[in-house]
Amino acid sequence: MEQTKENLNRYEIEERIEAALPVGLRNAYKEYRTIKAEDIIERLKSIQKREEHWNIIVQPLVGKYKKELTKQIFASNNNTMSTV
């Protein structure tokens, strides 16, 4: 993967989303990640403006993923229970 600024920004945002999710949803979120840690050679320097920008982007996404992942896990658990 190319180390473009866009990819590095996406990685930082995905890292923050994963960290903000409840522990039980983090593994499920990993399937949505587009940039893996092993693809990143050097992270973007963290400065206050970037942190503020990333946090503004991350907050609504965390809510979206909490809702979506919870629905998926619940549906998966219901399917498992009905087949037993």
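The values are calculated or read from the model by the stated rules, or taken from the named source; none is laboratory data. This is a predicted model, so every value here is computed, not measured. Ideal geometry is used to build each Cβ from the backbone, glycine not excepted, and the neighbour counts take in all protein chains shown.
Between Ile41, Ile13, Ile57, Ile73, the distinction of being in contact with a Phe, Trp or Tyr (Cβ under 6 Å, 6 or more places away or on another chain) and among the β-branched types (Val, Ile, Thr) belongs to Ile13 only.
Let's see how each residue does on (1) surrounded by 13 or more Cβ atoms within 10 Å (Cβ to Cβ); (2) hydroxyl-bearing (Ser, Thr, Tyr):
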{"site": "Thr4", "(1), (2)": "no, yes"}
{"site": "Asn7", "(1), (2)": "yes, no"}
{"site": "Arg10", "(1), (2)": "yes, no"}
{"site": "Glu18", "(1), (2)": "yes, no"}
{"site": "Lys30", "(1), (2)": "no, no"}
{"site": "Ile56", "(1), (2)": "no, no"}
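The set of residues in the range 14-51 being in a helix (DSSP H, G or I) and under 22 Å from Thr4 (Cβ atoms) consists of Glu14, Glu15, Arg16, Ile17, Glu18, Ala37, Glu38, Asp39, Lys49, Arg50, Glu51.
Within the range 71-79, can one find any residue that is out of contact with any Leu (no Cβ under 6 Å at 6 or more places or on another chain), modelled with pLDDT of 90 or more, of a type in the set (Gly, Ala, Ser) and loosely packed, with under 14 Cβ neighbours inside 10 Å? No: zero hits.
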